[in-house]
Amino acid sequence: MDTKIITPFSRRDFLLGGAGLLTASIFSPHIFAFRKPKDRLGVALVGLGYYSTDLLAPALQKTKNCYLAGIVTGSPEKAEAWKTKYNIPDKNIYNYKNFDQIANNPDIDVVYVVLPPSMHKEFTLRAAKAGKHVFCEKPMALNVQECEEMIKACSANKRSLSIGYRCQHDPNTQEFMRIAKQQTLGKVQLISCAAGYKESRAGNWKVQRAMGGGAMYDMGVYALQGARLAAGEEPVSLTAQHVVNRPEIFKDADEITHFQLHFASGAVANCTGSHGINTNFLKVNYDKGSLHMDNFSAYTNNKGQSTLGEINFPVDNQQAKQMDEDALAIMQNKPQLVPGEEGMRDIRIVEAIYQAAKTGKTVKLA
């Protein structure tokens, strides 16, 4: 990592949007085409909340194909703390106003958007325009239209877009995907899947619908992923119900969402995404056996049992594995394991789930 300091970093510079950066020439996306390939890609984390602080930054200390090169934050205090802790050069520290100047920084190859979902589209578009590859946390965006814009922007700028579905990089998840694909235990008949924890922070973005909050957008996406991947096919229709037990906290967002997916094969999935119940499991009944995982989408210790035997493939660090594999795909110019199109598939279904819960009717999926 280059630790050369070009200009002093100060609180005043940060608040003025300068962050000690020198004004550079107008960015051209063709600049990077002639650079010598890197052994490791520099990653800038955008948003320094819990997930970046407690999980992604530590994971980037373990990665082989990428490293923590920069940060983007609206907090000068956080910027100073991260600068000291991770030895981040002043020139690699940005705020939300001067973010676009990241185009002129060859240290940073990838921008990892770790903000509330309502901000995912804006910073994905700005990153792509700046010539940076994008890792974007789930859920991908607020709606399908935003997903389409994100995919289009990255494609137009010839940048990679990957959604942060760490579980698809987990060999435990890949095992139940394999069982469905190869029909090792016959056809899938019934899936039960739930993911949730008890959210009690009244002012947090996760309880504000406009920011992408609500149980379905947050934890419900895990249950949706579990059902889709375990079925090995896409649902053709669904029904859904919202439950709010604490209206003083969940004033405009769902606290618990139950949803039922119907597949063309005849398989059915009963799922729950929750901010009111601590739960994490996946159960699948096949023609010739069953599978049960508890946990199936946690940060650690995802394991279970099937008729074929134990499902237990320990992963040292899911986030490190995810980012290493996504970075390697970029370096090798290969498709991402979880591209933007995959994130958009979920958002299309999430929108249908909200429609079904609102109307009380079955919603058919194209």
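None of the figures in this text is laboratory data; all of them are computed from the coordinates on show. For clarity, every value in this text was computed on a predicted model and none was experimentally measured. With ideal geometry, Cβ positions are generated from the backbone for all residues, glycine too; neighbour counts draw on all protein chains shown.
Please list, or write none, the lysines whose alpha carbon is within less than 22 Å of the alpha carbon of Lys38, excluding same-chain residues fewer than 8 places away.
In chain and number order, the partners are Lys4, Lys62, Lys64, Lys91, Lys129, Lys132, Lys158, Lys321, Lys334.
On C-alpha positions alone, give me the angle between the axis of helix 76-86 and the longest principal axis of the chain, in degrees, nearest 10.
Once rounded, one gets 90 degrees.
Given labels modelled 7 Å from the Cα in the Cβ direction, how far is it in nm from Asp54 to Arg246?
It is 1.6 nm.
Compute the separation of the alpha-carbon centres of segment 61-78 and segment 165-196 and state it in Å as a whole number.
Between the Cα centre of segment 61-78 and that of segment 165-196, the gap is 33 Å.
Whose amide H sits under 5 Å from the amide H of Val111, counting only residues 5 or more places off or on another chain, with H placed in the peptide plane?
The answer is Ala44, His133, Val134, Phe135.
In segment 224-297, which trypsin sites (Lys or Arg not before Pro) fall in coil by DSSP and have 16 or fewer other Cβ atoms within 10 Å?
Working: sites: Arg228, Lys251, Lys283, Lys288; in loops: Lys251, Lys288.
Filter output for segment 224-297: Lys251, Lys288.
State the answer as a single residue: which of Cys193, Asn280, Cys147 lies farthest towards the positive end of the charge dipole of the chain, with beta carbon charges of +1 for Lys and Arg and -1 for Asp and Glu, about the Cα centre.
Cys147
What nm value, rounded to one decimal, do you get for the distance between Asn333 and Met177 when each label is placed 7 Å out toward the C-beta?
Each label point is offset 7 Å from its Cα along the Cβ direction, giving 2.5 nm.
Please get the size of the charge dipole for the chain, origin at its Cα centre, with Cβ charges of +1 on Lys and Arg and -1 on Asp and Glu, quoted in debye to the nearest 20. Don't jump to the answer; show the numbers that get you there.
Details: 43 positive and 36 negative charges, 93 e Å.
Dipole of the chain, to the nearest 20 debye: 440 debye.
Under 13 Å between C-alpha atoms is the cut-off here; go through segment 167-308 and count lysine pairs that meet it, provided they're at least eight residues apart or on different chains. Kindly include the intermediate steps, with their values, before the conclusion.
Details: Lys187/Lys288; Lys198/Lys206; Lys206/Lys251; Lys283/Lys303.
Close lysine pairs under the 13 Å cut-off: 4.
Under a cut-off of 16 Å between alpha-carbon atoms, report the aspartates and glutamates in cross-link reach of Lys85, not counting same-chain residues fewer than 8 places apart.
Asp2, Asp54, Glu77
Roughly how tilted is helix 120-129, in degrees to the nearest 10 and between 0 and 90, from the longest Cα axis of the chain?
Computed tilt is about 50 degrees.
Using the Karplus curve 6.51 cos²θ - 1.76 cosθ + 1.60 with θ = phi - 60°, work out ³J(HN,Hα) for each residue of segment 329-345 in order, rounded to whole Hz, and write x for Gly and Pro.
4, 5, 5, 8, 6, 10, x, 6, 4, 10, x, x, 4, 5, x, 5, 4
At what distance in nm do the modelled label points of Phe313 and Ala366 sit from each other, each positioned 7 Å from its Cα along Cα→Cβ?
Taking the two extended label points, one gets 3.5 nm.
List the residues whose amide H sits under 5 Å from the amide H of Val338, counting only those 5 or more places along or on another chain, with H placed 1.01 Å from N in the peptide plane.
The answer is Ile163.
So what's the back-of-envelope 222 nm ellipticity for the chain, counting only DSSP H runs of four-plus at -39500 (n - 2.57) apiece and dividing by all residues, rounded to 500?
Values: 8 runs with 96 residues, N = 366.
Roughly -8000 deg cm²/dmol at 222 nm, from the helical runs in the chain.
Around Ser118, under 11 Å between beta carbons, what's the net of Lys plus Arg minus Asp minus Glu among the other residues? All intermediate terms of the calculation are to be shown ahead of the outcome.
Details: positive: Lys121, Arg209; negative: Glu122, Glu146.
So the environment of Ser118 carries a net charge of 0.
Quick check of the Kirkwood formula: for the chain, what is the inverse mean of 1/r over all pairs of different Cα atoms, in Å?
On the way: mean 1/r = 0.0468 Å⁻¹.
It is 21.4 Å.
Any chance you could give the angle, 0 to 90 degrees and rounded to 10, that helix 221-231 forms with the longest Cα principal axis of the chain?
Its long axis makes an angle of about 60 degrees.
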